[in-house]
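After the structure tokens below, expect a handful of questions from me.
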Amino acid sequence: MGTIKLLVREREIPAMNDAKPFSQACENNKQPILDHLKPLLQECQHVLEIGSGTGQHAVYFAANMPQIVWQCSDRSENIPGIKSWLADTSLAPPLTLDVRDSNWPAQQYDAIFSANTLHIMSWAEVELFFTKVNTHLKPTALLCIYGPFKYHGEFTSPSNADFELWLKGNNPLSGIRDFEAVNLLARQAGLNLLADHKMPANNQLLVWQRLG
């Protein structure tokens, strides 16, 4: 069976092929994201990725930042695909992790990274996400979130507006989040916004630091 691809504007829905899941969007954005992460994480040793998806980001980032122990995690249905990407690497097996669960890893991390997850979660899950990540970050650790956001209630592009319609068609509780509301959650969790990087395909890379 060949690879099946379904495109929604700039974002590709991962599809299984004979070997492993593949997302062209991950291939397209991995280098721009790395360009920002590499200087940010140069002093980090342990990074937790929440919502690793296919596992493509983890493999690429870990290869280019070998000083980091990169820990993947995702919901149970995505674990087999991640394992297929990690099979030829020295990365640890992915953790099964749902933001609604209580079994988060006991370890605290130098940084937490997550890509294209907040718009999939319900708002209640986004609130829980920020509560949880705060307890799993070391003092002065970083939280790096990649994905689309609205600003002052407005989409940054027509394609993002179309993407939200598609998201809500699949789950009415999903949706592109307002930057201001997300940043308020971060501040309430003791995180200070360090950077808001404009990224390709109408995405952002938001970086917060735990205050201590």
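Using 0.36 nm times the number of residues separating Ser84 and Asn192, minus their current alpha carbon distance, what extension gain do you get?
Length gained between Ser84 and Asn192: 35.3 nm.
Evaluated at 10 °C with a viscosity of 1.306 mPa s, what Stokes-Einstein diffusion coefficient in µm²/s does the chain have when Rh comes from the Kirkwood expression over alpha-carbon pairs?
91
So how do Ile33, Ile120 rank on accessible area, 1.4 Å probe, biggest first, that is with the largest at the start?
Ranking Ile33, Ile120 by accessible area, largest first, yields Ile120, Ile33.
Which pairs break 30 Å Cα to Cα here: Lys138/Lys198; Lys168/Lys198; Lys30/Lys132; Lys20/Lys150?
Lys20/Lys150
Solvent-accessible area of Ser102, probe 1.4 Å, all protein chains present, reported in Å² to the nearest ten, please.
110
In whole Hz and in residue order, list the ³J(HN,Hα) couplings for the stretch 152-159 that follow from phi through the Karplus curve 6.51 cos²θ - 1.76 cosθ + 1.60, θ = phi - 60°; x for Gly and Pro.
6, x, 10, 6, 7, 7, x, 5
Considering only Gly51, Gly169, Gly81, give the residue with the highest GNM mean-square fluctuation for the chain, with springs between Cα atoms whenever their separation is below 10 Å.
Evaluated over the chain, the most mobile residue of the options is Gly169.
Mind grabbing the accessible area of Val99 for me, 1.4 Å probe, Å², rounded to tens?
Its heavy atoms expose roughly 20 Å² to the probe.
Residues with beta-carbon under 11 Å from that of Gln45, excluding Gln45: net charge, scoring Lys, Arg +1 and Asp, Glu -1?
-1
Can you give the accessible area of His136, probe radius 1.4 Å, in Å² rounded to 10?
For His136, solvent-accessible area is about 20 Å².
Compute the distance in nm between two label points, each set 7 Å from the Cα along the Cα-to-Cβ direction, one at Thr96 and one at Lys138.
2.9
Here's a follow-up. What percentage of the solvent-accessible surface of the chain, computed with a 1.4 Å probe over protein heavy atoms, is contributed by carbon and sulfur atoms?
Result for the chain: 54 percent of the exposed heavy-atom area is carbon or sulfur.
Just report the Cα centroid separation between the stretch 177-212 and the stretch 69-140, whole Å.
Each part reduced to its Cα centre gives a spacing of 17 Å.
Subtract the Cα-Cα distance of Asn103 and Ala201 from 0.36 nm times their separation in residues, and report this length gain in nm to one decimal.
31.9 nm
The values are calculated or read from the model by the stated rules, or taken from the named source; none is laboratory data. Quantities reported herein were computed from a predicted structural model and do not represent experimental measurements. We place every Cβ from the backbone using ideal geometry, glycine too, and count neighbours over all the protein chains shown. Surface areas here come from the heavy atoms of the whole protein model, side chains and all, with no ligands, DNA or RNA. Shrake-Rupley method; radii C 1.70, N 1.55, O 1.52, S 1.80 Å.
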